[in-house]
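Single-structure report; data block below.
The values are calculated or read from the model by the stated rules, or taken from the named source; none is laboratory data. The structure displayed is predicted, hence computed values, not measured ones. Because the Cβ atoms are built from the backbone with ideal geometry, glycine has one as well, and the counts that use them run over all protein chains shown. Side chains are part of the model used for accessible areas, which takes the heavy atoms of the whole protein and leaves out ligands, DNA and RNA. Shrake-Rupley method; radii C 1.70, N 1.55, O 1.52, S 1.80 Å.
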Amino acid sequence: MTFATLLGRRVWTVVACAAVVLHLALVLFIPTADATINAWHLSTVLALGFGQLALGADSRTLRSLLGLAAIAGAVTGVYFLLNVDAVFDRYGLTLADQVVAGVAVGAVLLLAYYLSGWVIPLIAVVCGAYVLGLGRLFDGMFFFGGLTPYRMSYRMFWQDGALLGSTTTISATVIFMFVLLSTLMQAAGATQFIISAATRLMRRIPGGSAHVAVLSSAAMGTVSGSAVANVAGTGTLTIPMMKRAGLSRETAGAVEAAASTGSQLIPPVMGAGIFIMADWTGIPYTSLVMAAIIPAILYFLSISFTIHLELKRDGLLDRAAEPDDQPAQRINLVEGLSFVGPIVLLVGLLIVGYSPVYAAGWSCAAVIVCSWFGPQRIGAARLPHICAETFRTLLPTAAVLICAGIIVTCVETSGLVVAMAQSLNMLGQGNLLLIIALLAVISLFLGMGLPVTASYIIVASFGAQALISLGVNPVAAHMAMFWLSQDSLLTPPVCLAAYAAASISGGNPSLTGLKAMIFGKGLYVMPLLFIFHGLLFDEGVGQAMLGTLTGILALAAIAMASTGQTLRRLGLIARLAVGGSAVLILWPVLWVQVTGVVLLTGLILAGRVAPRKFLTSIMKRSDR
């Protein structure tokens, strides 16, 4: 490592520390307008993002160009703060104002390309071109007269929207605070405590090593809100454990990827999407979190049940449990205080009415205090590393959210969101189930190239509106889009959680992703429960309880059909019958659901009461 590189990394760390202090001051202590917070956030994200890329660049020329981009990005937000009052005093933009706006937009697009791929910058460019004049080429509802570059630069940078809009506010406040909380918890040893506790609890359960991955990912997901970070944190311990128990590389990676995807779904953090949902719907974040508890539990239970059936089918149940002669791992409750204490405080503060930002801020302080009761104390010497790691984790999400602001502003300015919602209704002929299927397909394809948050923003911008226009509750519509967008973590060819798990397990990434989709089937079932069965309590407690029962039975039936296992192995015909029972159970007509339950019950009981020869002839006829 050269002296220049070493110096650059130290400078980057110093800037990251200053950025953390600045964000904490503006978010928690100094009453500040959103536009001011967003401008500072834009400058720090662009400076640190391009700075990080420059430090990792191979050629000197590229390193120099990225360094200049970092400086230019830092200047944009500062220029806004110094000139915003003058812009509104003179009711117009100078040429310099327009140039800075263009530089800011270009820098955000470039950073999003480097950190998240080419899809979301391309969508932003297409939307921008549509607003600037491409909309004139269309007829009917998709016609748009266009904006001049002057007005476009104003809307992109100087108006309260786009680069300095609500998505940037979410990134600069709640996302920053929860990423900092997660980083502090990991520094305090929360991951090791979670793994130890999960192993201790599951050591005697058949298939325990695989269930450890599910339980630990669920626990870690309460604060991480990131599937990839969850895989990296827990997968390094759970995947080798599952491989020793006899699971294949792909299966072990798929279990961890599917379970870690639940970190985006389990309260209280739930990733960036839930905060965007709260902003768009106007529904309090706490209400959304409370509604999401039962779906998250069902998701993790469905993974565990599928794992149990697959291990039973392959004869690995006993092997995946910890041997009786192996000493139990001791759970150190004092060490766990740095995880349990802040989580309890976070949930308590949210319940009594504190905002997510302040609740997370107090929880960060609690982590630091509680860490001094364990072996991994957080002192002044460790804070620079924690600050640097916070921004390394934050940068990809921040770049996506800021870039998504361009897309949101373009579709709202042009009315494209309304046109797309209307065309979707026309394509689906007003059939709610068909429209949901179309949205699932759109989300599936978007998931091949977009991260979760970007996928949700794009699909929800028109898909939720289409569902609401058909009478669907806004919470159910947005939550359905939120769950469907999670498949970007598991869907090949771009499946970030599966890739991360495969890199640890040594398995094939695409095959790992396909198997993870089977384990994560709840992503596709839960939207139906939200919309047709009132699982989110929007139709009353009684309907929600009935929806919970429906979800349990349907997910169990899908697990049996996908693994080919109930009490005994199933042949092809029996698997199709079990899968058909799942469809009947999900159908929103009571007598059809009862028929599905009766069919499923009969197929399960057949494995217990039928004579072996008769069972073989019925269940495995397709194998002859």
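Which residues, counting only those in region 77-99, are touching a Ser or Thr at 6+ places or on another chain (Cβ under 7 Å) and either at pLDDT 95 or above or surrounded by fewer than 16 Cβ atoms within 10 Å (Cβ to Cβ) (or both)? Within region 77-99, Val78, Leu81 meet the criteria. Given the condition of a type in the set (A, V, I, L, M), touching a helix residue (DSSP H, G or I) at 6+ places or on another chain (Cβ under 7 Å), closer than 30 Å to Phe305 by Cα and in a helix (DSSP H, G or I), answer yes or no: does some residue in region 160-179 qualify? No - not one qualifying residue is present in region 160-179. For region 30-58, which positions are of a type in the set (A, V, I, L, M, F, W, C), farther than 17 Å from Cys387 by Cβ and surrounded by fewer than 19 Cβ atoms within 10 Å (Cβ to Cβ)? Selection gives Ile30, Ala33, Ala35, Ala57. Does Ile303 satisfy the condition of being modelled with pLDDT of 90 or more and more than 22 Å from Ala501 (Cβ to Cβ)? Judged against the criteria, Ile303 is not a match. Among the residues making up region 225-253, those that are polar (S, T, N, Q) and open to solvent by 10 Å² or more (accessible area, probe 1.4 Å) are Ser226, Thr236, Ser248, Thr251. Scanning for something at pLDDT below 90, in a helix (DSSP H, G or I) and either over 29 Å from Ala259 (Cα atoms) or open to solvent by 30 Å² or more (accessible area, probe 1.4 Å) (or both), does region 472-494 turn up at least one residue? No, region 472-494 contains no residue that is at pLDDT below 90, in a helix (DSSP H, G or I) and either over 29 Å from Ala259 (Cα atoms) or open to solvent by 30 Å² or more (accessible area, probe 1.4 Å) (or both). Taking (1) assigned to a helix (DSSP H, G or I); (2) touching a helix residue (DSSP H, G or I) at 6+ places or on another chain (Cβ under 9 Å); (3) at pLDDT below 90 in turn, Leu450 satisfies each apart from (1). Kindly evaluate Ala557 against the criterion of being small (Gly, Ala, Ser) and either surrounded by fewer than 24 Cβ atoms within 10 Å (Cβ to Cβ) or under 22 Å from the mean Cα position of the chain (by Cα) (or both). Against the criterion (small (Gly, Ala, Ser) and either surrounded by fewer than 24 Cβ atoms within 10 Å (Cβ to Cβ) or under 22 Å from the mean Cα position of the chain (by Cα) (or both)), Ala557 does not qualify.
Condition first: within 22 Å of Val475 (Cα to Cα), assigned to a helix (DSSP H, G or I) and in contact (Cβ under 8 Å) with a residue 12 or more places away in the chain. Now tell me which residues in region 534-553 satisfy that.
So in region 534-553, the residues within 22 Å of Val475 (Cα to Cα) come out as 534-552.
Narrowing the set further to residues that are assigned to a helix (DSSP H, G or I) leaves 541-552.
Ala544, Leu546, Gly547, Thr548, Thr550, Gly551, Ile552 - these are the residues of region 534-553 that are within 22 Å of Val475 (Cα to Cα), assigned to a helix (DSSP H, G or I) and in contact (Cβ under 8 Å) with a residue 12 or more places away in the chain.
Number of residues in region 116-129 that are out of contact with any Phe, Trp or Tyr (no Cβ under 7 Å at 6 or more places or on another chain) and modelled with pLDDT of 90 or more equals 8. State the number of residues belonging to region 457-471 that are within 19 Å of the chain's Cα centre (by Cα) and open to solvent by less than 10 Å² (accessible area, probe 1.4 Å). So the answer is 5.
For Arg60, the conditions (1) touching a residue at least 24 places away in the same chain (Cβ under 8 Å); (2) over 31 Å from the mean Cα position of the chain (by Cα) all hold with the exception of (1). Set side by side, the residues Ala440, Ala498 differ, and just one is open to solvent by 20 Å² or more (accessible area, probe 1.4 Å), in a helix (DSSP H, G or I), in contact with a Leu (Cβ under 7 Å, 6 or more places away or on another chain) and modelled with pLDDT under 90, which is Ala440. Here the helices (runs of 4 or more DSSP H) wholly within region 254-317 that include at least 1 residues being touching a Ser or Thr at 6+ places or on another chain (Cβ under 6 Å) and surrounded by 21 or more Cβ atoms within 10 Å (Cβ to Cβ) are 271-281, 293-313. Evaluation of Tyr354 against the conditions (1) in a helix (DSSP H, G or I); (2) free of Cβ contacts under 8 Å to residues at least 24 places away in the same chain shows that the sole unmet condition is (1).
Exactly one residue among Ser562, Ser581 is surrounded by 22 or more Cβ atoms within 10 Å (Cβ to Cβ) and assigned to a helix (DSSP H, G or I), and that residue is Ser581.
Screening Leu434 with (1) open to solvent by 60 Å² or more (accessible area, probe 1.4 Å); (2) out of contact with any Ser or Thr (no Cβ under 8 Å at 6 or more places or on another chain); (3) in contact (Cβ under 8 Å) with a residue 12 or more places away in the chain gives one miss only, at (3). Do you know which residues across region 565-578 are open to solvent by less than 30 Å² (accessible area, probe 1.4 Å) and either touching a Ser or Thr at 6+ places or on another chain (Cβ under 6 Å) or modelled with pLDDT of 95 or more (or both)? Listed by number, the list holds a single entry, Gly571. Would you mind stating whether Ala18 is over 26 Å from the mean Cα position of the chain (by Cα), loosely packed, with under 15 Cβ neighbours inside 10 Å and of a type in the set (A, V, I, L, M)? Answer is yes for this residue.
Checked against (1) under 24 Å from the mean Cα position of the chain (by Cα); (2) open to solvent by less than 30 Å² (accessible area, probe 1.4 Å), Ala107 passes all but condition (1).
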